[in-house]
Amino acid sequence: MFKKLALVALLTSLSGPALAVTLDFEGILGNTTNCCNTYNGNGPSKDGFNLVLSHGHVIKYNYGGYQNHNGTDWLMHDSGGNMTLTSDHGPFSLDKLDHASYLAGSLAQAVVTGYLNGGGTVTKTLSTSGVFSTIVFGWTNLLSVTFDAQTSRNAYDNIVVNKATVVPLPAALPLLAGGLGLLGFMGWRRKRAA
């Protein structure tokens, strides 16, 4: 029983918090009544995750010019160029995102390429018409992700990324190991004396 409790205590001390970040583009426009915020060779950032667009906009959720009203502000990548996602924290993961075409009756397409830490790539093609659809990636150990627009009608929202977690040695771990060693020694002495 004691060994099971010690194992649970050790594993609990080594677990880290979930570090998910959702790039949802809320708060970028503030209380403005304007439709958008324009980016040319730059882009929005949140919690150390950075998007750089060849050209695009963050669009106000209630702006009437587009079909895909999902109730939140969203990112329009309206050129045939690239958009790149990077992290100031080092390697990261891309869990999922919402993708749509922002023009009624049209198809939005992009080739998404993840560049892996240590070399190599992973690729996924997005092809969506109409309203936002959630696309699951589950990619890990990324240095950057490039969105190569195949059409000029790509809309993105709720990009869920995670910081890479390097589990540091907790300060209490040496104390825990010393205590477990002492208890083991005491048990050994008791068993030997009996």
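The values are calculated or read from the model by the stated rules, or taken from the named source; none is laboratory data. Computed from a predicted model, the values in this text were never measured in an experiment. Quick reminder, even Gly has a Cβ in these numbers, built from the backbone with ideal geometry, and neighbours come from all protein chains shown. Heads up: the accessible areas ignore ligands, DNA and RNA and are worked out on the full protein's heavy atoms, side chains in. Shrake-Rupley method; radii C 1.70, N 1.55, O 1.52, S 1.80 Å.
Here is a check on your reading of the model: is Ala155 more than 18 Å from Asn70 (Cα to Cα) and open to solvent by less than 20 Å² (accessible area, probe 1.4 Å)? Spelling it out, it is not the case that Ala155 is more than 18 Å from Asn70 (Cα to Cα) and open to solvent by less than 20 Å² (accessible area, probe 1.4 Å). Exactly one residue out of Ala104, Ala110 is over 15 Å from the mean Cα position of the chain (by Cα), assigned to a strand (DSSP E or B) and small (Gly, Ala, Ser): that is Ala110. Take Leu142 and tell me if it is outside any loop (DSSP other than H, G, I, E, B), within 20 Å of Glu26 (Cα to Cα) and in contact (Cβ under 8 Å) with a residue 40 or more places away in the chain. Here the answer is no, as Leu142 does not meet what is asked. Candidates are the residues of the stretch 39-50 that are without any contact (Cβ under 8 Å) to a residue 40 or more places away in the chain and either in a strand (DSSP E or B) or in contact with a Gly (Cβ under 8 Å, 6 or more places away or on another chain) (or both); the one that is surrounded by the fewest Cβ atoms within 10 Å (Cβ to Cβ) is Asn42.
When the stretch 21-38 is limited to residues that are in a loop (DSSP other than H, G, I, E, B) and open to solvent by less than 70 Å² (accessible area, probe 1.4 Å), the one that is nearest to Ser93 (Cα to Cα) turns out to be Asp24. Within the stretch 71-86, can you find the residues that are under 18 Å from Lys46 (Cβ atoms) and buried (at least 17 other Cβ atoms within 10 Å of the Cβ)? Scanning the stretch 71-86 gives Asp73, Trp74, Leu75, Met76, His77, Met83, Thr84, Leu85, Thr86.
Here His89 passes the criteria (1) surrounded by 13 or more Cβ atoms within 10 Å (Cβ to Cβ); (2) part of a strand (DSSP E or B) except the one numbered (2).
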